[in-house]
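Working notes, structure below.
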Amino acid sequence: MKKILLGIAVLLVAAYVAATPVITAYQMKAAAEAQDGEALSTHIDFPAVREGLKEQLNVAVAKQMASMGSDNPLAALGAAFAPMLVDKMVDGYVTPTAIASMLEGEASDPENDPFKNARLAYTSPSRFVISIPDEEGLESHFILSRQGLDWKLTNIQLPLDEMSAQQGG
């Protein structure tokens, strides 16, 4: 009997550990719906998210500048200043205060639930991805990484290449 109870306990602990990123995702959703920036920020590794976004945006800007041609003086000027502007923009917008401010607007529209079509999946034992499509079908990927027993949002992968292709450049 003790072995059965021990087996059930181990199974329950394993199920809980496996479910923790899903629980974290829904806690983040609940905090966003409640416009609770402080609660939401407990689930976000801000330095990691900032660095990931800076890298993505700098690559996208570099591609855009390269497509303008090397003989274009505006492209050269843009390439020189773009990383500094991207860094300042990301640092200014990816903060607990900014997220709280964004959430102070109107409450979420239940009919426009971003989680309605979300896909949740493990990509490794320490990485969990929430893929959320927008109205045009472009997907943003919210990457949660295991930090001890907790999970935190550590990266947001925006569909920048697909957006650029849709806009014709």
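The values are calculated or read from the model by the stated rules, or taken from the named source; none is laboratory data. On a predicted model such as this, the values are computed, not experimentally measured, just so you know. In this analysis, Cβ positions are derived from the backbone assuming ideal geometry, glycine residues included, and neighbour counts consider all displayed protein chains. Areas reflect the complete protein model, heavy atoms only, side chains present, ligands, DNA and RNA absent. Shrake-Rupley method; radii C 1.70, N 1.55, O 1.52, S 1.80 Å.
Extension gain, A39-A62: 0.36 nm per intervening residue step, less the Cα-Cα distance, totals 4.7 nm. Comparing L40, L57, L77 in a Gaussian network model of the chain (Cα springs below 10 Å), the most mobile by mean-square fluctuation is L77.
Contact order for the chain, expressed relative to its length and based on alpha carbon pairs under 8 Å spaced 6+ residues apart, stands at 25 percent.
Size of the chain: Rg and Dmax of its alpha carbons, in Å, are 19.9, 79. Split the accessible area of the stretch 26-84 by element, probe 1.4 Å, and carbon with sulfur accounts for 63%.
Projecting the Cα positions of A66, Y26, A39 onto the charge dipole of the stretch 13-74 (unit charges on Cβ atoms of Lys, Arg, Asp and Glu, taken about the Cα centre) puts A66 furthest along the positive direction.
Grab the DSSP H runs of the chain that are 4 residues or longer, score each as -39,500 (n - 2.57), total them, divide by all residues and round the 222 nm result to the nearest 500 deg cm²/dmol.
On the way: 6 runs with 95 residues, N = 169.
Counting only the DSSP helices, I get -18500 deg cm²/dmol.
The distance linking the stretch 71-89 with the stretch 1-68 is 32 Å (Cα centroid to Cα centroid, whole angstrom).
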